[in-house]
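*Asks:* Mind having a look at this structure? Questions to follow.
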Amino acid sequence: MSPVDLLYTALAVALFGLGLGALALSARPLKKLLGANVMGTGVFSLLIVTARGPDGATDPVPHALVITGIVVTVAATGLGLALIRRTRSASKD
Amino acid sequence: MTVLVGVGFALVSLALFAALVATPEAAGLGALARSEIAETGVSNPVTAVLLDYRAYDTLLELVVVLLAAVAAGALAPRDPAPAPLDGPVAEAAAGLLTPGIVLVAGYLLWIGSKAPGGAFQAASLLAGGLILLEVTGKTPPPRSEAASRALAGLGVLAFLVVGVGVAVAAGSGVFLDHPAPFAGSLILAIESAATLGIAAGLLALFRAGTAPA
Amino acid sequence: MPTAASPDAVLAALVVLPLAATLGTLVLPRLAPAVATAASWANLALVAFAFGTIGGETWLAGWSAPLGIGLRLDGLAWVFLAFSAPVFALAASAGRATLAEDGAATLWTTLIAGVNAIFLGADLFNLYVGLEVVSLSATALTAIGAGAAAARAALRYLFVGLGGSLLYLMAVASIYRATGTLDMGLVASIGLQGPALAAPLAFATAGLLLKGGVAPFHFWLPPAHGNAAPIVSAALSAVVVKTALYVLLRLWLDVAPQTALADAAPIFRALGLLAVVVGGVAALRALRLKALIAYSTVAQLGYLALALGFAAEAPGATVAFAAFAAAHALAKSGLFVAAGMIAKANGHDEVPRLADPGAAYGPAKAAVAIAGGALAGLPPTGGFLAKWTLAQDAAAAGAWWVAPTLVAAGLLTAAYMARLATAMMRDPPEDAPAGEDGPLRGWSALALASAALLLGFLGAPLAALLEAER
């Protein structure tokens, strides 16, 4: 593993761990949702490092997985925001 | 307790990092994806993966966008729309930027077959343009909830029609298999529909997730 | 020239049919509940038809692994499809009012598509997308047409679902990094070892246990299952939690080497026992009927973990896993539909105050009795078949404690189900609201519970199906 790969792998895992912490430990729904997004960013970063294969050539498969993963995460986040609004308006009633 | 769990997560992350460092990387599929690319009808390998090799992933991903848009619309409280941004800056931004955004989105969609770009990039940009119109009070179409949902299903529709249509017409029965001579055009057709569908889905998610001012 | 019944067409149709119905619900919003119900029944017919293609596979888009994504229909996949499809069909028929809620019919069909995609899935990343289709559809259905408590439960369910999916996705990314493939069969043939195997297995297992609601990760389950509309609760408990545990089983059975499962077996056995005790005791103390049933799910999921804990030593444990999953799915969905009717007839769902809803509720009351027997594992139900199979296999593996444990757990189940039976013997209060449910709901509940009973007679074919195609 090159030093750059090592650095990116460490950052990817750190993002994942921090996001997991926010998702599990934060009391505020919006923070939890952001935590899940940060977790996702961690996984996507790892996939991007993976795409930079050992031989230096780029592997398109992890890139495609990242695009799919991002779209899924955006959709889940949108649904989460709508649900947060629903819980807030329900608690006002 | 919180501190304990936090320390636990940190240790788990460290263990994962150690495992990743200790594991030699495999060669990946880059070489194979390139050697077969002539069959796919596109020359951008990422688009080849998304719309041909792993087109089924992309279909399910469009289903996620569609179902999230429908669910968010159904679940969000029916509040009055937030007050639009106004003033000369907002006016100019919406008026000047939107045509350019639509144009660039179209370009990204088109170029995706040979260079970085494609339906998702185009759709996010297009949705950005629509949201710009939305927040400046120029409510872009689709205006009704029903139309918005039907439009968000466009990408799934294109995948099903082309996937089933070709399987039946070619007699192979293999879903999502695009015959080589038409593969490029079929992919562009699916991507165009997917661009509109994803953009409609993202706009619906924005509308559902925006709280009134 | 392949025939119409080629696996290519049948396996793809299991995903395409519900998705076509999804589009139908969007184009014809007024007919959406009818479209979703018709699709649920068509899905059942298709699953029955697919029996003839067991052992088949298809490579979507015409690309085989490692570039392409495969769908595989082995005996195990068919059994899971075969107990899910009737739950969707009968629950849809029983819950037309729920399906008429805004968006519900669309989400019901995407849920079916996602469930089928997971049971057929042979690609690790595609399973992630399938899990998201299922968990987002299920999350939204939990909140639709239900009150503030359901919205809060759905939000928590969303966070658990996202966290679980992302833990699983991290495992998938690590596996691709180490093997250069996402196909389960190819990953297995590469034979990962040491930390390269342990790390992804640990992450995926944690994520899937969380999504599957196995104790101690069950904290989110009772509020979600206990506050949703009855048919949604039925689908959530019968099918949705099983999708995560199905992927878990596949991972340990088909991807990881057998020695890894043998090493991890004590963990699954411990979690299983914990779930049986925690869920059973909570069900015994639950105030609300739907909470009682939801905690019973927590306990029953323990049996699945327990069966997985013996799958390395005893091949029959897979049969027990499938039998537990099927018996619980059919009995629990019947129970939720029936309980919804009984609670509605009573005007509340507090177990100590519940009373007999009257003679008009015969099928619903019969469903409660049969489902209770199946959950407690009384012969000749599917629940008994599952326990019998597991006890035999565990004894053969030297674990003498499993048989008495299963009997004790059955007594615990009988004890909390008896609370419901006692309620059914109380005279109704004068001011009870008149039941307005059509007879269809009661008969749907009874059909589901009866299927759990019938399953008890299908032990030999079930075992043959799982042995032959694996």
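The values are calculated or read from the model by the stated rules, or taken from the named source; none is laboratory data. Values in this document were obtained by computation on a predicted structure and should not be read as measured data. Here the Cβ positions follow ideal geometry from the backbone for every residue, glycine too, while neighbour counts run over all protein chains shown.
*Asks:* Among the residues of the range A:71-93, what is the count of those that are more than 19 Å from residue C:114 (Cβ to Cβ) and part of a helix (DSSP H, G or I)?
*Replies:* Residues meeting the conditions: 11.
*Asks:* Based on this model, can you work out whether residue C:140 counts as facing another protein chain (nearest Cβ under 8 Å), over 15 Å from residue C:207 (Cα atoms) and surrounded by fewer than 24 Cβ atoms within 10 Å (Cβ to Cβ)?
*Replies:* No, not satisfied.
*Asks:* Sticking with this one: Step by step: first the residues of the range C:170-215, then only those that are without any contact (Cβ under 8 Å) to a residue 40 or more places away in the chain and among the hydroxyl-bearing types (Ser, Thr, Tyr), then the one that is farthest from the other protein chains (Cβ to nearest Cβ). Which residue is that?
*Replies:* Looking at the filtered set, the residue picked out is C:189.
*Asks:* Return the only residue of C:336, C:324 being in a helix (DSSP H, G or I), in contact with a Pro (Cβ under 8 Å, 6 or more places away or on another chain) and of a type in the set (Phe, Trp, Tyr).
*Replies:* C:336
*Asks:* So how many residues does the range C:82-116 have that are under 14 Å from the mean Cα position of the chain (by Cα) and more than 10 Å from chain B (Cβ to nearest Cβ)?
*Replies:* 11
*Asks:* Could you say whether any residue in the range B:161-168 is under 15 Å from the mean Cα position of the chain (by Cα) and buried (at least 23 other Cβ atoms within 10 Å of the Cβ)?
*Replies:* Among the residues of the range B:161-168, not one is under 15 Å from the mean Cα position of the chain (by Cα) and buried (at least 23 other Cβ atoms within 10 Å of the Cβ), which makes the answer no.
*Asks:* Looking for whichever is within 30 Å of residue B:34 (Cβ to Cβ), polar (S, T, N, Q) and within 12 Å of another protein chain (Cβ to nearest Cβ) here; the options are C:22, C:58, C:53. Which one fits?
*Replies:* The unique qualifying residue is C:58.
*Asks:* Something else: Within the range C:145-158, take every residue that is surrounded by fewer than 24 Cβ atoms within 10 Å (Cβ to Cβ) and touching a residue at least 24 places away in the same chain (Cβ under 8 Å) and give me the one that is nearest to the chain's Cα centre (by Cα).
*Replies:* C:156
*Asks:* Determine, yes or no, whether residue C:365 is at pLDDT below 95 and crowded, with 21+ Cβ neighbours inside 10 Å.
*Replies:* Yes; evaluated as a whole, the condition is true for this residue.
*Asks:* What residue, of A:58, A:9, A:41, A:50, is in contact with a Pro (Cβ under 7 Å, 6 or more places away or on another chain) and not aliphatic (A, V, I, L, M)?
*Replies:* Criteria check complete, one pass: A:50.
*Asks:* Testing residue C:422 on (1) free of Cβ contacts under 8 Å to residues at least 40 places away in the same chain; (2) buried (at least 20 other Cβ atoms within 10 Å of the Cβ); (3) among the hydroxyl-bearing types (Ser, Thr, Tyr), one condition comes back false. Which one is that?
*Replies:* Of the numbered conditions (1) free of Cβ contacts under 8 Å to residues at least 40 places away in the same chain; (2) buried (at least 20 other Cβ atoms within 10 Å of the Cβ); (3) among the hydroxyl-bearing types (Ser, Thr, Tyr), the odd one out for residue C:422 is (2).
*Asks:* For the range A:25-44, what are the residues that are facing chain C (nearest Cβ under 8 Å), over 16 Å from residue A:85 (Cβ atoms) and of a type in the set (A, V, I, L, M)?
*Replies:* Within the range A:25-44, A:36, A:39, A:43 qualify.
*Asks:* Just need a number here: residues in the range C:62-78 that are in contact with a Phe, Trp or Tyr (Cβ under 9 Å, 6 or more places away or on another chain), in contact (Cβ under 8 Å) with a residue 60 or more places away in the chain and over 28 Å from residue B:152 (Cβ atoms).
*Replies:* 5
*Asks:* Here's a follow-up. Counting only residues that are in contact with an Asp or Glu (Cβ under 8 Å, 6 or more places away or on another chain) and surrounded by fewer than 22 Cβ atoms within 10 Å (Cβ to Cβ), give me the helices (runs of 4 or more DSSP H) lying completely in the range C:203-318 with at least 2 of them.
*Replies:* Once the helices (runs of 4 or more DSSP H) in the range C:203-318 are filtered for at least 2 residues that are in contact with an Asp or Glu (Cβ under 8 Å, 6 or more places away or on another chain) and surrounded by fewer than 22 Cβ atoms within 10 Å (Cβ to Cβ), what remains is C:258-285.
*Asks:* Can you tell which of B:156, B:135, B:168 is at pLDDT 95 or above and among the aliphatic types (A, V, I, L, M)?
*Replies:* Criteria check complete, one pass: B:156.
*Asks:* Filter the range B:73-89 down to the residues that are more than 8 Å from chain C (Cβ to nearest Cβ) and either in a loop (DSSP other than H, G, I, E, B) or under 22 Å from residue A:74 (Cα atoms) (or both) and list them by number.
*Replies:* Residues satisfying the conditions are B:76, B:77, B:78, B:79, B:80, B:81, B:82, B:83, B:84, B:85, B:86, B:87.
*Asks:* Quick check on the range B:1-60: of everything there that is β-branched (Val, Ile, Thr) and more than 8 Å from every other protein chain (Cβ to nearest Cβ), which residue is nearest to residue C:203 (Cα to Cα)?
*Replies:* Filtering the range B:1-60 for residues that are β-branched (Val, Ile, Thr) and more than 8 Å from every other protein chain (Cβ to nearest Cβ), the one nearest to residue C:203 (Cα to Cα) comes out as B:7.
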